[in-house]
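The values are calculated or read from the model by the stated rules, or taken from the named source; none is laboratory data. Worth saying up front: this structure is predicted, and the values here are computed from it rather than measured. Backbone-built Cβ (ideal geometry, glycine too); neighbour counts: all protein chains shown.
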Amino acid sequence: MTPSAPRSRLLAALVGCMLISSSCASGADAPAEPSVVTPDPFLFGTEAILNTNNPGLTTAIDTIDNAFQVTTVKMRFRPTARKPTGDGFEVVAVLPNGQSLDLDDVAGRCQEHGYSLVPMISFAAGGVVTTAVIDDYVDFVDWFVNRYATSMKLTLIELYNNPGMDFGGTNAQLLELNNKTYDRVKSAHPDLLVATPGFEYWQEVDPGATPPPSLPRVVSQVEYFLDVANGARFDVWAFHGYQSLGTAPGGARYFYAPTYTTTVNKYAGVTGILEVRKALDDNGWQQRAIMDLEHTGLVVPGLPLDPNLDAVDEAYLAQDLILKRSLKVGASLAAAGLIALKLYPRSNLGEFAFGSLNADGSRSRAVVSMGVALRALHDTKAVAHVSGEFGRDDVAWVERFGRGTDDVFALFKPFKATHGVQLALDGESLVVSLALPRLPKDVVLTSADGTTQALTPSTELVVEAVNSPRYVDVNY
């Protein structure tokens, strides 16, 4: 079985609206009159653990429902054990931190809150992979989908987590797992989208530096799946869009700004989406979408959310979202979705080490900023790239989105390019002039922390762009 649905149908099935093509305005040009726009078919979601014994469950649900205002929630777990009778599997799965997870409990919470779950299913990292192991995995995914397709409102499933580091088999075995799972699921659930394993190819290396040991394997897996001759079957290319982590000569590790263009690992960073999109299109796979199905901030896993780095994350993660939400190839979006952050209280226990909530369960600055960004860009269409260039930090990045007959401008000052040192807020600003087609009724400027300011309506708005994105809502 091969993925054959047109890309428009594929994405419409995911978000419940039709993909309507339109030409993309260039530069700062604005239409003579605002017209009604149809929202882009772009999936927004977040990651959380929805079982009852999750210590951060209350804050996670409140953040999902009220701050993020999304209904798509990703969860990760390992397959359960087969029942002694052999007819199916136990309903108690295992979380990455070893805690038990009652899948029926999760299904009930999805029904209570109207969530659509995106499961990511992996067996224990690094184990020996055999045909029997792969077949057990396929059997579990098949059982899981058949049991929970309705109660968990499944529309998308993601296969194995971070295979470059966690999968113990060969590239051919990873593809076997992928294709067998795809065929089994699609035979009974043809409308359910099946994503690839969640590839993590975010590592970059400076020229002359020694590549991280895992990088060659990660790239080989990516290119194995992108080689049309190998026959990979999937609806969605899943990648985990963590920040590009560079290695300088001498071994220093540091993060690149979201607007940085990689030089050695062409798949890393935001611009890596364009490389994958080109490969898919060259294969005749235009209908296959790309989604960033996992990422979190800059703070080292397991350490407390340092206030200074949390402030950098506030800017970094929202910049990253704006770029991925608006990146285009011609008139079409390059990516089709983004799962933002991990709504776990930060600790040193398993996946909680990557948590985006403070240790006491309260929202970090990064979480607040992400909520502001998600609400600002909800139900919008990416209309025009106004200004900004990859690799430049002296030009403000401005994207124009449309909502109904109104405009939403997202703008920020890129981080200063750094090599070998960590990113930091630069405390500087750039003046941005926004030309409007007619006098608006009202204009509201929203900052990353959610504070708002009414601006005097004018056909030319002047605002300052800083590292933390701002959003200008223009109501005509």
**Request:** Just one of (1) touching a residue at least 60 places away in the same chain (Cβ under 8 Å); (2) closer than 19 Å to Val194 by Cα trips up Gln243, so point out which.
**Result:** (2)
**Message:** Yes or no: segment 355-367 includes at least one residue that is in contact with a Phe, Trp or Tyr (Cβ under 6 Å, 6 or more places away or on another chain), of a type outside the set (S, T, N, Q), more than 20 Å from Leu298 (Cβ to Cβ) and surrounded by 16 or more Cβ atoms within 10 Å (Cβ to Cβ).
**Reply:** no
**Prompt:** Within segment 198-243, can you find the residues that are touching a helix residue (DSSP H, G or I) at 6+ places or on another chain (Cβ under 8 Å) and either of a type in the set (D, E, K, R) or not assigned by TED's automatic domain parsing to the domain that holds Asp313 (or both)?
**Reply:** Glu200, Arg217, Arg233, Asp235
**Prompt:** Among the strands (runs of 3 or more DSSP E) confined wholly to segment 188-306, which include 3 or more residues that are more than 28 Å from Arg78 (Cβ to Cβ)?
**Reply:** 253-255
**Message:** Restricting to segment 457-476, name every residue that is part of a loop (DSSP other than H, G, I, E, B) and either at pLDDT below 95 or of a type outside the set (Ser, Thr, Tyr) (or both).
**Reply:** Pro457, Val466, Asn467, Pro469
**Prompt:** Tell me, which residue of segment 439-448 that is out of contact with any Lys or Arg (no Cβ under 7 Å at 6 or more places or on another chain) and surrounded by fewer than 19 Cβ atoms within 10 Å (Cβ to Cβ) is farthest from Val398 (Cα to Cα)?
**Reply:** Lys441
**Request:** Kindly indicate the residue of segment 141-153 that is of a type in the set (A, V, I, L, M, F, W, C) and outside any helix (DSSP H, G or I) and also farthest from Phe225 (Cα to Cα) among those meeting that condition.
**Result:** Met152
**Item:** Count of segment 459-475 residues which are touching a strand residue (DSSP E or B) at 6+ places or on another chain (Cβ under 6 Å), surrounded by 12 or more Cβ atoms within 10 Å (Cβ to Cβ) and farther than 14 Å from Ala410 by Cα
**Value:** 1
**Prompt:** Filtering segment 127-143 down to residues that are of a type outside the set (D, E, K, R) and more than 14 Å from Arg78 (Cα to Cα), which residue is surrounded by the most Cβ atoms within 10 Å (Cβ to Cβ)?
**Reply:** Val129
**Request:** Test Ala124 against the stated conditions and say whether it is surrounded by fewer than 15 Cβ atoms within 10 Å (Cβ to Cβ) and either of a type outside the set (Ser, Thr, Tyr) or within 22 Å of His240 (Cβ to Cβ) (or both).
**Result:** yes
**Item:** Selection from segment 144-190 of residues that are under 23 Å from Leu101 (Cα atoms), surrounded by fewer than 18 Cβ atoms within 10 Å (Cβ to Cβ) and touching a Ser or Thr at 6+ places or on another chain (Cβ under 9 Å)
**Value:** Lys153, Asp166
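Yes/no matrix, rows are residues, columns are (1) under 21 Å from the mean Cα position of the chain (by Cα); (2) surrounded by 20 or more Cβ atoms within 10 Å (Cβ to Cβ):
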| site | (1), (2) |
| --- | --- |
| Leu377 | yes, yes |
| Thr380 | yes, yes |
| Val386 | no, yes |
| Gly391 | no, no |
| Val398 | yes, yes |
| Asp426 | no, no |
| Thr451 | no, no |
| Pro457 | no, no |
**Prompt:** For segment 154-171, does any single residue satisfy the condition of being over 24 Å from the mean Cα position of the chain (by Cα), closer than 19 Å to Glu47 by Cβ, not in a loop (DSSP other than H, G, I, E, B) and not polar (S, T, N, Q)?
**Reply:** no
**Complete:** Those residues of segment 307-340 which are part of a helix (DSSP H, G or I) and of a type in the set (Val, Ile, Thr) amount to Val312, Ile322
